[in-house]
Structure formats: C-alpha cells, structure tokens
Amino acid sequence: MPELPEVETVRRQIAPVLEGATILRAEILDVRLTRPVEPEFVADSLVGERIATVERRGKYLLWRMASGRTLVVHLRMTGSLRHAPAGSLPADAYRRARVVLDTGAEVGYRDVRRFGTWELLDEGHLHPYLASRLGPEPLAPSFTAARLGRLLEGRRAPVKAFLLDQRRIAGVGNIYADEALWRARIHPRRVAGELGLDEVARLHRAVRAALRRGVELQGSTLRDYATPDGSSGGMQREFHVYGRLGEPCDRCGRPIERIVVAGRGTWFCPHCQAP
Ligand code: ZN
C-alpha cells in the first residue's frame with residue numbers, strides 16, 4: 001500500500017500536470033470509487049472545475065479546486081495515477097477513472113484491487129473530514145519529540161500498532177513502521193506508552209528519517225505502485241528489515257526475523273531490537 005513517501009512522490013509528479021488546469025471531461029468507470037455517491041454525479045461535478053493546488057495529508061491526495069471544493073483521493077492498496085498527452089494513455093483494463101484537462105493532458109486512475117476512493121467535498125467539509133481521521137503530519141516542523149511523547153502517553157497498544165494508527169500519526173504504514181522501529185532499535189511489541197524519554201527521541205528521529213529517505217528515493221516499488229510518469233521508486237533497495245526474513249541485519253549481521261503484530265507481518269532484528 002502506498003504510504004506517505006509514495007503518496008508524496010505521486011503528488012510531486014502530478015501537481016505540475018494538474019495545477020492551473022481546468023477539467024474538460026471526467027469519466028468514473030467504477031461505482032466503488034465514489035460510493036455511496038453515484039459516479040456520474042461526481043464526474044459531472046468535476047467538469048469545469050479548475051484545480052488550484054494538489055496537496056497531501058497523510059496518505060490522502062487533495063485536489064484543491066479554485067471553487068473551494070476538494071477531490072480527496074485515497075490510493076489504498078493498488079491505486080495509481082498516470083498522466084499523458086490527451087488520447088495517448090495506454091489501454092488499461094484496470095482503469096477506473098480518467099480526466100481530460102484543458103492543457104492537452106489527461107490523467108488516468110488505475111486500481112487493480114478497487115479499494116481506492118474519490119470523494120468530492122464541499123468547502124468547509126474538508127477540515128472536519130481530515131481531522132476525524134488523521135493525527136499530525138510526521139514531517140511537519142510542529143511534529144516534535146515532545147509532541148510524539150504526548151501522543152504515546154497512556155497508549156497500551158504495541159508501538160507498531162500505534163505507528164500504523166492514522167489517527168495517532170498520519171501517513172505511516174507497514175513498511176515505514178518497521179523501518180523506523182529498526183532505526184530506533186525498539187522492539188515492535190513494546191507497549192507504546194511505556195517507552196522511555198530517550199526511546200521516544202530515537203523513535204521521533206527514526207520515523208522522520210525513514211519517511212524522508214523514502215521521499216528522496218521516490219518511494220518503494222513493490223508490485224503495483226508506480227509514479228505518475230511511469231517510473232519506479234528506489235526505496236525497496238534500501239530496506240533494512242521489511243521483507244528481509246533471514247537476511248543479515250545491516251547493523252549487527254544477525255538474521256532478521258518476522259512476527260505478526262497488530263495483524264501485520266512485522267520484520268525486525270531480535271538483537272538490535274531486544275524486547
Ligand atoms: Zn541487528
């Protein structure tokens with residue numbers, strides 16, 4: 001699933017294509033993308049909208065319209081955007097939506113598993129929508145170690161589950177949670193609220209460093225993720241633990257192990273991340 005670095009990579013590539021453009025035509029080919037709203041209703045509403053900016057919040061892409069409305073796009077498991085000159089997107093059995101812009105470009109939305117969503121929100125609805133679903137942005141300057149410490153306070157969940165909960169911190173998923181815990185040398189099953197001050201400081205640095213590195217490398221390409229110009233990310237070549245069962249730890253050389261935490265496959269070094 002695309003996490004913060006992958007969605008930020010998509011945003012950076014698609015923003016120059018979308019920003020300032022007006023939507024001439026919109027097709028939504030899958031009722032699941034917009035439900036319970038009818039896809040034709042959303043498509044009709046998009047026509048004539050001028051896209052002012054493309055922003056990101058957590059794993060959401062926000063197409064902020066000049067009208068004040070926002071198209072909230074969540075890629076979920078396998079969603080991806082692709083842009084091309086109008087009429088030249090390759091045929092794709094998994095295309096779920098397409099918008100044609102007045103700039104001569106078109107943008108296709110592909111989604112194999114069909115868990116992605118497009119929601120068009122009126123002005124005033126965006127803030128409560130996001131506020132009820134998302135904690136702070138971990139790469140924002142306001143996300144300090146002290147802020148993380150307050151979020152962790154009293155939490156009985158394993159720290160891995162805490163990191164995956166979008167209402168605590170926005171944008172971290174399975175890959176970057178495991179990578180951050182390895183960097184911080186914290187066992188994924190440690191109780192979140194019981195981390196010491198130095199561990200909180202390490203975790204704070206580690207979450208930000210892992211996410212920043214992911215953004216620098218344009219995300220990780222596993223199976224379906226591709227960036228909007230069709231290229232691949234490079235983060236998968238730098239994983240320290242994720243998916244590396246039995247391979248030597250980059251720090252101590254002992255084999256990486258896999259356990260299940262919060263229902264998710266979890267990779268860690270049992271020596272560097274002792275319980
Ligand atoms: Zn190790």
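The values are calculated or read from the model by the stated rules, or taken from the named source; none is laboratory data. Nothing here was measured: the structure is a model prediction, and the numbers come from that model. Note that each Cβ is placed from the backbone with ideal geometry, even for glycine, and that neighbours are counted across all protein chains shown.
Summary of computed values
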quantity: Number of the exception - L46 against (1) free of Cβ contacts under 8 Å to residues at least 24 places away in the same chain; (2) within 26 Å of P128 (Cβ to Cβ); calculated: (1)
quantity: Members of the range 97-124 that are part of a strand (DSSP E or B) and more than 20 Å from G48 (Cα to Cα); calculated: R110, D111, T117
quantity: Single unsatisfied condition, V260 versus (1) farther than 14 Å from R185 by Cβ; (2) β-branched (V, I, T); (3) not in a strand (DSSP E or B); calculated: (3)
quantity: Count - residues of the range 214-248 that are touching a residue at least 60 places away in the same chain (Cβ under 8 Å) and surrounded by 15 or more Cβ atoms within 10 Å (Cβ to Cβ); calculated: 17
quantity: Looking only at the range 214-255, and only at residues there that are of a type in the set (K, R) and touching a Phe, Trp or Tyr at 6+ places or on another chain (Cβ under 9 Å), the one that is farthest from the ligand (Cβ to nearest atom); calculated: R244
quantity: Those residues of the range 106-122 which are within 13 Å of T78 (Cβ to Cβ) and touching a strand residue (DSSP E or B) at 6+ places or on another chain (Cβ under 8 Å), in sequence order; calculated: Y109, R110, D111, R114, F115, G116, T117
quantity: Some residue of the range 66-75 being surrounded by fewer than 18 Cβ atoms within 10 Å (Cβ to Cβ), modelled with pLDDT under 95, farther than 30 Å from G173 by Cα and small (G, A, S); calculated: no
quantity: F162 being on the phi < 0 side of the Ramachandran plot, outside the structural domain of R32 (by TED's automatic domain parsing) and of a type in the set (F, W, Y); calculated: yes
quantity: Boolean, R32 is more than 24 Å from V215 (Cα to Cα), assigned to a strand (DSSP E or B) and touching a residue at least 40 places away in the same chain (Cβ under 8 Å); calculated: no
quantity: Lone qualifier among A209, A184 - being away from the ligand (no atom under 14 Å from the Cβ), touching a Lys or Arg at 6+ places or on another chain (Cβ under 7 Å), over 23 Å from R133 (Cα atoms) and not polar (S, T, N, Q); calculated: A209
quantity: Matching residues, the range 198-257, being of a type in the set (D, E) and either part of a helix (DSSP H, G or I) or not assigned by TED's automatic domain parsing to the domain that holds R183 (or both); calculated: D198, E199, E216, E238
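Okay, residues lined up against (1) β-branched (V, I, T); (2) touching a strand residue (DSSP E or B) at 6+ places or on another chain (Cβ under 8 Å); (3) surrounded by 23 or more Cβ atoms within 10 Å (Cβ to Cβ); (4) farther than 27 Å from R258 by Cα:
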site: G124; (1), (2), (3), (4): no, no, no, yes
site: L130; (1), (2), (3), (4): no, yes, no, yes
site: G135; (1), (2), (3), (4): no, no, no, yes
site: S142; (1), (2), (3), (4): no, no, no, yes
site: A157; (1), (2), (3), (4): no, yes, no, no
site: L181; (1), (2), (3), (4): no, yes, yes, no
